[in-house]
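These notes are about the structure you will find just below.
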Amino acid sequence: QVQLVESGGGLVQPGASLRLSCAASGFTFSNYVMSWYRQTPGKERELVARIISVGTTTYADSMKGRCTISRDNAKNTVYLQMNSLKPEDTAVYYCNAWYGMRGYWGQGTQVTVSS
């Protein structure tokens, strides 16, 4: 059974940092491209960051310089370190695994940036 379980979200003040984690199981994690997306009400889900392998990453323009995606294939976990958070970063953050024709989503974790 495939599972992607996100954690680490919460309520933080502007300028704070958060580290999101996504624990994967039920598939060969190292084969998959791992990504973080986010979504706010009424808007489409958007890509935040993607990692193919260590050192091969992509970031949304809005997050460049403020976040780092990483993966630990031994732990089947992908991380998203976010710094200097802004109110506009408030969203539900989703973990995604993709390989060929197969894709999986986590249930999401809420990040709220507010003073």
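No lab work stands behind these numbers, since they all come straight from the coordinates. Since this is a predicted model, take the numbers as computed values, not measurements. Quick reminder, even Gly has a Cβ in these numbers, built from the backbone with ideal geometry, and neighbours come from all protein chains shown.
Results, tabulated for the structure shown:
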read-out: The range 8-39 - residue that is surrounded by 14 or more Cβ atoms within 10 Å (Cβ to Cβ) and hydroxyl-bearing (Ser, Thr, Tyr) and, of those, farthest from ALA91 (Cα to Cα); value: TYR32
read-out: Residue ranges of strands (runs of 3 or more DSSP E) in the range 39-115 with at least 3 members of a type in the set (A, V, I, L, M) and over 11 Å from the mean Cα position of the chain (by Cα); value: none
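For (1) surrounded by 18 or more Cβ atoms within 10 Å (Cβ to Cβ); (2) touching a Lys or Arg at 6+ places or on another chain (Cβ under 6 Å), each residue gets a yes or a no:
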position	(1), (2)
MET63	yes, no
ASP72	no, no
SER84	no, yes
PRO87	no, no
ASN96	yes, no
